[in-house]
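Values in this text are rule-based calculations from the coordinates and carry no lab data. Everything quoted here is computed from the prediction, not taken from an experiment. Using ideal geometry, Cβ is built from the backbone for each residue, glycine included, and neighbour counts are taken over all protein chains shown.
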Amino acid sequence: MNSYIDILFWIRQKKWLLIALVYGMFMHHVVTPPPDLNPAAFDALIIISMALILIITEPLPLPAIAMFMLFMQVVLGIDSANNVASSFMNDAVFFIMGSLMLAVAIVSQGLDKRLALGIITLTGHKTWRIVAGFTAISAILASFIGEHTVAAMMMPVGLTLVRYAHKDPRKVAGLTAALLFSIAYGATIGSIGTPSGGGRNVIMMNYWAEFGAGSVTYLEWIKYVYPMVLFQIPITVFILLWTFKPEHSNLDSAVRKLVVDVARAGKIKGREWLAIFLFILVFLGWVFLSEDFGLGIIALLGVFLYLSFGLVEWQELNRKTNWGVILLFGAAISIGIQMNQTGAAEWIAHVIITSLGNVIDNPAVLQGSVSVLLTGVMSNILSSSATVAVVGPIVLDLGGDQILIGFATAIASAFGYFTAVAAPACTIIYSSGLVKSKDFLRAGWKMGVLSLVSLLGLSLLWWPLL
Amino acid sequence: MTKTNTPFDPKSLKFLTAVSSAEYSKPTLKMGALIASVFDASHGVVYVGERASEFHGSSVNLTRQNLDNWNIIHPGLEVLEWALQELKALSPDNEELAKIQFNPDHVYEEDGRVRVILPDDKGCRIELVLREGELVDQLRKEIQLEGYDLAIIGGSQNKRHLAHSILQYLPASVFVLQKFNPQKKYKLLLLVDDSSATSKSIEWGAMIAEKLGWPVRTLTVSKTKRFGAGYQGAADKAKAYFDSRGIEVEQFFLTGDPVRTFVEFAGDNHFVIMGASTLNPVKQFLFGSKPIQTLKQTDVPIVIVR
């Protein structure tokens, strides 16, 4: 009797795995590939659609999904084991690995207290200025050190202010939401600013190289995208204050308590200066050496330096780094490369262009709209980086300027304002239990409109000048 | 599951109350504490929070560890701290319980859960546990790990679509506090039939009625006009058991669709106790069962005894 219940419970928990397997077997054994799609490309599409089902519904741990994507490529005869292995590891995966470890190394230095003091010194006590300061600092820092690192450092500052403003943060829900969303949305809009702002940017750079679209340097990326970051900061502040209407216009007492709190940390120590110096070195490496060495290798070099100077222990890095995500991105990029090599990406792009060609006459508008909308919608369901890994090969085959389409896609992958799952910064503030799903919708649609308009303005007014 | 139909030793019973927040879980915790004291059972309190998407799980963990440095504790631990204070307030005479202090730094991560280490908890038999993930999955794991006999779940957590999973997969008796009002004096309604689970539910009903002083009614429903020997025998056995413990009981015999009759009779002023289904799990999975349908359709507190 018990074993029956165990089996039924297993079915309940793994139903999406079973659905994905049945779907995969049906597609592979029953459905005939379209005549203009070769069998290997068809199988690549089956693997990626099965992986999408598994990633969204999470019946398996992420590393298991990564392994599934890898062995299925060999089992279905898409490529040899050695080729799959070599497509699995590349500079984008090195970068994701390095940036996740750098996040642990930086957060563990306790620099957040310095950051808090710096922000408060700049903004003063007025609520709107604090929200503006949080948004701007989160955006600018996230551009360089990644949104997850910034959100992890800023969250304690925001929550401490809220708790000093009121013992029960739920009683000041507007203030709480405004401060926490200024961190999350600030970090999200900033993450598009440079290649190191998010793994998805580096994944796109990797696809440009794979597709022979050319290369973009760190500074060129900034030149193309940073104006959008700067444009969005003030409007994001306005949207947050308009949507959440903080209960207090002045946080005088909370700020004073926070200053007392952070002052206990004393003067900045040599170890902290060293941590900052090492990050500046990494940043300079990304700016000036990434064309020769790759962003990922420089990130790993940074991790090596942090370990060498004893700023972080390997055990801590090992424990706090999400190895499952690294494996998953390696596998997703590997299947993305297969989509390109087998012609699957080109086939989907062709189907999209043919289907929508009658609706939108202008090819450039069609390519831009499809890449932005497809990426924007998927990034709210999946995660932003996974979306670029999956959608990247397709949008680059839509035609038109692959660099500009790639930029539009990488930018649109940051439009995950509507749910807590898209961006790490959004998940982090959601985990506080103080913001609700509907808060993401309330502010998210306004942010979505802002970002779409900003991207349109950037592509029509700024990019033609470059 | 293994304890079905065996006379139970109240001293060895373990009850688990699932709480979600200080705002919504107060009646659930109060009833959990009361029922645990009625049975002199040890009492676990579990908070099941949402689990972050695995994509960003490490970023969330990194943030939480950083929050610890600022003395901001995990939202789930805040709920458990509140639960401990509530338990103390509910038992002001319990000196052992009063000594227990909550320290968010004293937690132990094991088997995919976080257990709060409570010093000086000898004699109180309190357990505070934090879990993250899907409610039924996490409750099942906790029950299997600690061998709980009864899971107490608030009505807000009993979304009707979960009724099936709660009853089918939790390997313990289940008490769902739907629209439970701690101030209200309920009548205890025991659903009696010829199934093997009835005898244990009679024992549970008698203990609750004795301690809370609630009037007891038994209800036996037959689909046909005729009540067979099994049904009549079960009702007589229930009456005899209550009589032997000096508890007055009113007996009702009705005909009709069992679930609809239970629900209509229960109205809004009964506290229902019924035995778990003895149907084959696969049949339950496919067609449901009387307890599952009753739980789905009624709005009163209900204990399903396994």
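How many Cβ atoms of partner chains, on average, are near each residue of A:144-154 if near means within 10 Å of its Cβ?
Going residue by residue through A:144-154 and averaging, the value is 3.
How tilted is helix A:363-381 with respect to the longest principal axis of chain A? Cα atoms for both, answer in degrees (0 to 90, nearest 10).
For A:363-381 against chain A, the angle is about 70 degrees.
Can you give the average number of partner chain beta-carbon atoms within 10 Å of each beta-carbon in peptide A:424-436, as a whole number?
Neighbouring Cβ atoms belonging to other protein chains average 5 per residue here.
Rank these for me by crowding, A:His125, B:His164, A:His29, going from fewest to most other beta carbons within 10 Å.
A:His29, A:His125, B:His164
Do any GluC sites (Glu not before Pro) in the range B:242-306 lie in a DSSP loop with no more than 14 other beta carbon atoms within 10 Å, and if so, which?
Answer in residue order: B:Glu248.
Give a quick list of chymotrypsin sites (Phe, Trp or Tyr not before Pro) in the range A:252-318 that DSSP marks as loop, anything other than H, G, I, E or B, with at most 16 other Cβ atoms within 10 Å.
Details: sites: A:Trp273, A:Phe277, A:Phe279, A:Phe283, A:Trp286, A:Phe288, A:Phe293, A:Phe304, A:Tyr306, A:Phe309, A:Trp314; in loops: A:Phe309.
Loop-located and lightly packed - A:Phe309.
Give the calculated FRET efficiency between B:Leu254 and B:Ala89 to the nearest 0.05, with a Förster radius of 41 Å applied to their Cβ-Cβ distance.
Efficiency at R0 = 41 Å is approximately 0.45.
Cβ neighbours within 10 Å, averaged per peptide: list A:259-267, A:414-422, A:143-151 in order, most packed at the top.
For the peptides A:259-267, A:414-422, A:143-151, the packing ranking is A:143-151, A:414-422, A:259-267.
Would you pull out the residues with amide H under 5 Å of B:Ile152's amide H, same chain only if 5 or more places away, H placed 1.01 Å from N?
Under 5 Å from the amide H of B:Ile152 lie the amide H atoms of B:Leu16, B:Thr17, B:Ala18, B:Phe175, each far enough along the sequence or on another chain.
Using helices alone, I'd like the mean residue ellipticity at 222 nm for the protein assembly as shown: each DSSP H run of four-plus residues gives -39500 (n - 2.57), total over residue count, nearest 500.
When only DSSP H runs of four or more count, the value is -20000 deg cm²/dmol.
Report the one residue of B:Ala266, A:Leu458, B:Ile117 whose Cα lies farthest in the direction of the positive end of the charge dipole of the protein assembly as shown (charges on C-beta: Lys and Arg +1, Asp and Glu -1; origin at the Cα centre).
After comparing all options, I get B:Ala266.
What is the gain in length, in nm to one decimal, between A:Phe26 and A:Trp273 on full extension, counting 0.36 nm per residue of separation less the C-alpha to C-alpha distance?
83.0 nm
Would you work out the charge dipole size for the range B:187-305 about its Cα centre, treating the Cβ of every Lys and Arg as +1 and the Cβ of every Asp and Glu as -1, and quote it to the nearest 20 debye?
That gives a dipole near 300 debye.
Let's see if you can work this out: charge +1 on each Lys and Arg Cβ, -1 on each Asp and Glu Cβ, no other charges. What is the dipole magnitude of the range B:29-166 about its Cα centre, in debye to the nearest 20?
Values: 14 positive and 23 negative charges, 86 e Å.
Here the size comes out at about 420 debye.
Find the lysine pairs in the range B:11-177 meeting two conditions, Cα atoms under 28 Å apart and a separation of 8 or more places or different chains, and report how many there are.
29
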